[in-house]
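A quick write-up on the structure given underneath.
The values are calculated or read from the model by the stated rules, or taken from the named source; none is laboratory data. Everything numeric here is computed off the predicted structure, so don't read it as measured data. Virtual Cβ from ideal backbone geometry, glycine too; neighbours counted across all protein chains shown.
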Amino acid sequence: MTIGQVYFYLCAAVALFGALAAVCAKSPVRAALGLLMMVLAVAGLYLSLDAQFLAAIQLIVYAGAIVVLFVFVLMLLGHTPLVGVGDGSPAARILGATGFGAVALAAMILSARNAEPTNFPAALPAGFGSVGEIGRLMFTQTLVPFELSSALLMVAVVGAVAVSKGEKPVIVAAASVLAPPGAAPKPGESQ
Amino acid sequence: MPNYILYAIPKILIMVGFLFNVGGILTWVDRRQSAMIQDRVGPNRAVIKIGKFELRLWGLLHPAADGVKFFFKEDFMPPKADKLLFSLAPILAMIPVLCLVAVIPFGDTVCPDALIQTVGNVTQLPNIARSGLCTFDPRTGLQPIDLQIVSLDIGLLFVFAMAGQGIVSAAISGWSSDNKFSLMGALRASSQMVSYEVTLGLSVVGALMIYGTLRLGDMVRWQSEHAWGIFVQPVAFFIFFAALVAESKRIPFDLPEAESELVSGYFTEYSGMKFGMFYFAEYMEIVTSSMLVVTVFLGGWGLPFVHRDGITIAFGEGMLAQLPLPHLVVTVFGVLAFFIKTLTLCWIQTFVRWSLPRFRYDQLMGLCWKVLLPVSLANIFVTGVVWLLLDMAPPFVGNMLQLVGDATQGFVAVLVTFLVGSAVFGLFRSRTKDPRIIGASAELVRSAGKSPQSPMQA
């Protein structure tokens with residue numbers, strides 16, 4: 001076995017273990033850390049595919065921001081382990097596990113049969129996976145999808161702000177109605 | 001064993017050794033600094049005593065005493081804590097800091113052939129060309145060595161990726177401690193670090209546009225040829241530095257461990273070596289962030305007017321002086337310059353800690369999202385516009401800029417000479433001439449009319 005294969009199986013094992021931990025852990029924060037483990041291992045796999053930029057972005061966005069936000073929300077929600085969730089009847093569990101296993105096995109077999117490396121170029125083009133090459137592709141060939149996806153994110157941000165703003169004017173009006181008569185409005189507060 | 005692994009081992013030893021040792025000494029510097037600023041004597045009790053002989057070393061033994069104490073303290077764990085995560089958190093705090101130094105260059109590329117040459121009985125130190133390309137000698141088969149553990153194409157992105165992993169440690173340490181102060185500290189830490197990470201990333205985009213690379217070594221090369229990043233992108237420098245201090249959760253950004261509000265924040269429940277790892281990771285983070293600022297904005301290993309072939313003092317086309325230096329000397333100068341710059345910046349960071357008061361939480365978030373982030377976005381825009389205009393400008397503008405860049409190098413040289421000179425002068429000045437150095441506040445109280453109150457209240 002070459003070093004590359006050892007590296008691949010190591011990363012794949014860690015990714016699988018992390019994914020299982022994310023699904024099986026009783027404590028939600030442990031599940032989130034399982035997800036983090038999976039994300040890190042997949043970033044390691046990207047490295048072995050000459051995709052350094054993708055690996056870095058995976059670490060920055062998924063591990064550094066998204067998983068952290070998960071953990072953050074879990075901390076806000078408090079200390080409730082997932083007891084009682086997913087405790088279905090034994091028959092349902094067996095059925096579910098068998099069904100999922102069968103589908104996963106079928107997917108693996110099908111992809112293994114079609115995985116002949118016919119379309120792989122013998123040698124990677126120069127600068128493959130480098131920041132410069134990805135930037136060039138992003139701003140020439142795939143400019144329109146890139147701009148559209150950034151517009152989508154912008155819409156999501158504006159939507160989030162609009163939703164979190166809520167119905168502020170109504171609340172202010174209610175407060176001024178509830179205030180005792182004669183109470184002067186605070187300085188800087190409009191009527 | 002391949003050559004690059006063989007070369008990597010000493011480089012790793014140098015960087016990690018520097019990180020550990022300076023991190024340890026910084027704990028001492030920090031305490032002595034605070035003592036100096038607060039008019040105290042500071043830690044000086046740790047002593048090695050053999051008979052009559054006492055070794056105190058101005059309190060330098062305290063870091064060692066601390067280490068011994070950490071190992072022998074009870075390793076307490078709250079009974080309801082999540083044992084796995086509680087033990088994992090200090091490890092996760094250390095790993096990213098240690099990984100981060102992998103991409104930081106501490107010297108220019110070395111040509112092993114050109115370091116020392118022996119022809120017959122004559123040993124000589126040869127020079128190399130300013131272009132910096134090594135003449136590869138097939139007889140020795142020695143490849144050029146980058147003085148950097150690994151030169152990654154993604155360079156700075158790797159730094160950001162590693163810096164982001166530190167958040168998880170703070171978050172899970174607070175969560176698993178089963179303590180409300182810890183939880184509050186962890187919430188503050190994770191929100192603060194996520195916010196400032198955005199600013200950190202956006203603040204350097206302008207500099208990246210100008211350098212045209214993410215490789216930290218190439219950034220330093222650009223700065224040695226043109227001008228230091230702090231002159232090219234002054235706004236970015238200040239935002240980057242502020243965001244880095246905020247990322248390392250130190251005063252004035254130490255809300256996550258504000259001792260007057262949260263005991264000591266997310267590591268309240270930690271004791272023994274587990275606490276020691278959090279404590280030490282913080283000081284190592286000072287070192288790595290200083291290295292980062294030095295590399296991106298303060299010219300890395302570069303010295304003013306020193307190039308690969310020696311010292312060339314030139315302003316634009318006008319050459320003033322030239323002194324060729326051997327490759328070995330230039331390399332040693334570069335490595336020393338990098339480490340001295342790093343140490344200076346570490347010292348400035350400890351000084352900042354004892355000079356500024358803590359922010360309030362809303363001020364902290366407001367500063368990030370309402371001030372630093374818009375300013376860094378504006379910086380990117382302005383940089384882009386200026387870049388575009390310079391692209392269309394006639395060639396004499398470029399020559400002018402080169403002249404200004406050389407002038408900044410001269411400015412740095414003069415400033416550093418002046419600062420070092422005044423520091424040496426201050427070090428050897430007699431202390432007894434100024435009676436206010438020790439006991440200054442007591443003196444003030446007496447002069448304010450024998451009031452028992454402190455000068456603040458008087």
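Residue B:369: more than 21 Å from residue B:203 (Cβ to Cβ) and in contact (Cβ under 8 Å) with a residue 40 or more places away in the chain, yes or no?
On the way: more than 21 Å from residue B:203 (Cβ to Cβ): no; in contact (Cβ under 8 Å) with a residue 40 or more places away in the chain: yes.
When the stated conditions are applied, residue B:369 does not pass them.
Mind checking whether some residue in the stretch B:366-385 is not β-branched (Val, Ile, Thr) and not in a helix (DSSP H, G or I)? No: the stretch B:366-385 contains no residue that is not β-branched (Val, Ile, Thr) and not in a helix (DSSP H, G or I).
For the stretch B:134-152, filtered to residues that are of a type in the set (A, V, I, L, M) and modelled with pLDDT under 80, the residue that is surrounded by the most Cβ atoms within 10 Å (Cβ to Cβ) is B:145.
Taking (1) charged (D, E, K, R); (2) under 16 Å from residue B:22 (Cβ atoms); (3) touching an Asp or Glu at 6+ places or on another chain (Cβ under 8 Å) in turn, residue B:341 satisfies each apart from (3).
Surrounded by fewer than 24 Cβ atoms within 10 Å (Cβ to Cβ), out of contact with any His (no Cβ under 7 Å at 6 or more places or on another chain) and within 8 Å of chain A (Cβ to nearest Cβ): is that true of residue B:198 in this structure?
No.
If you check residue A:20 against the conditions, is it hydrophobic (A, V, I, L, M, F, W, C), within 8 Å of chain B (Cβ to nearest Cβ) and part of a helix (DSSP H, G or I)? The answer is no for residue A:20.
Would you call residue A:10 more than 20 Å from residue A:104 (Cα to Cα) and away from every other protein chain (no Cβ under 14 Å)? Criteria met by residue A:10. Consider the stretch B:167-186 and keep the residues that are under 26 Å from the mean Cα position of the chain (by Cα) and at the interface with chain A (Cβ under 9 Å from one of its Cβ atoms). The one that is surrounded by the fewest Cβ atoms within 10 Å (Cβ to Cβ) is B:168.
In the stretch A:50-65, the residue that is nearest to residue B:161 (Cα to Cα) out of those that are more than 8 Å from chain B (Cβ to nearest Cβ) and touching a residue at least 24 places away in the same chain (Cβ under 8 Å) is A:54. Hey, does the stretch B:87-105 have a residue that's away from every other protein chain (no Cβ under 14 Å), under 29 Å from the mean Cα position of the chain (by Cα) and in a loop (DSSP other than H, G, I, E, B)? Taking every residue of the stretch B:87-105 in turn, at least one turns out to be away from every other protein chain (no Cβ under 14 Å), under 29 Å from the mean Cα position of the chain (by Cα) and in a loop (DSSP other than H, G, I, E, B). Among the residues making up the stretch A:66-89, those that are at the interface with another protein chain (Cβ under 9 Å from one of its Cβ atoms) and modelled with pLDDT of 75 or more are A:67, A:68, A:69, A:71, A:72, A:74, A:75, A:76. Taken together, B:335, B:294 contain a single residue that is in contact with a Leu (Cβ under 9 Å, 6 or more places away or on another chain), under 12 Å from residue B:106 (Cβ atoms), surrounded by fewer than 20 Cβ atoms within 10 Å (Cβ to Cβ) and aliphatic (A, V, I, L, M), which is B:335. Restricting attention to the stretch B:152-163 and to residues that are touching a residue at least 40 places away in the same chain (Cβ under 8 Å) and within 7 Å of chain A (Cβ to nearest Cβ), the residue that is nearest to the chain's Cα centre (by Cα) turns out to be B:160. One residue stands out among those in the stretch B:1-29 that are surrounded by 15 or more Cβ atoms within 10 Å (Cβ to Cβ) and farther than 18 Å from residue B:291 by Cα: the one that is farthest from the chain's Cα centre (by Cα), which is B:7. When the stretch B:1-33 is limited to residues that are at pLDDT 85 or above and of a type in the set (Gly, Ala, Ser), the one that is farthest from residue B:145 (Cα to Cα) turns out to be B:24. Checking each residue in the stretch A:26-49 for being outside any helix (DSSP H, G or I) and facing chain B (nearest Cβ under 10 Å) picks out only A:27.
If you go through the stretch B:82-101 and keep only what is surrounded by fewer than 19 Cβ atoms within 10 Å (Cβ to Cβ) and either over 18 Å from residue B:279 (Cβ atoms) or free of Cβ contacts under 8 Å to residues at least 60 places away in the same chain (or both), you end up with B:83, B:84, B:99. Residues in the stretch A:1-60 that are of a type in the set (Lys, Arg) and touching a Phe, Trp or Tyr at 6+ places or on another chain (Cβ under 6 Å): there are none.
Across the stretch B:268-312, the number of residues qualifying as within 24 Å of residue B:67 (Cα to Cα), assigned to a loop (DSSP other than H, G, I, E, B) and modelled with pLDDT under 85 comes to 3.
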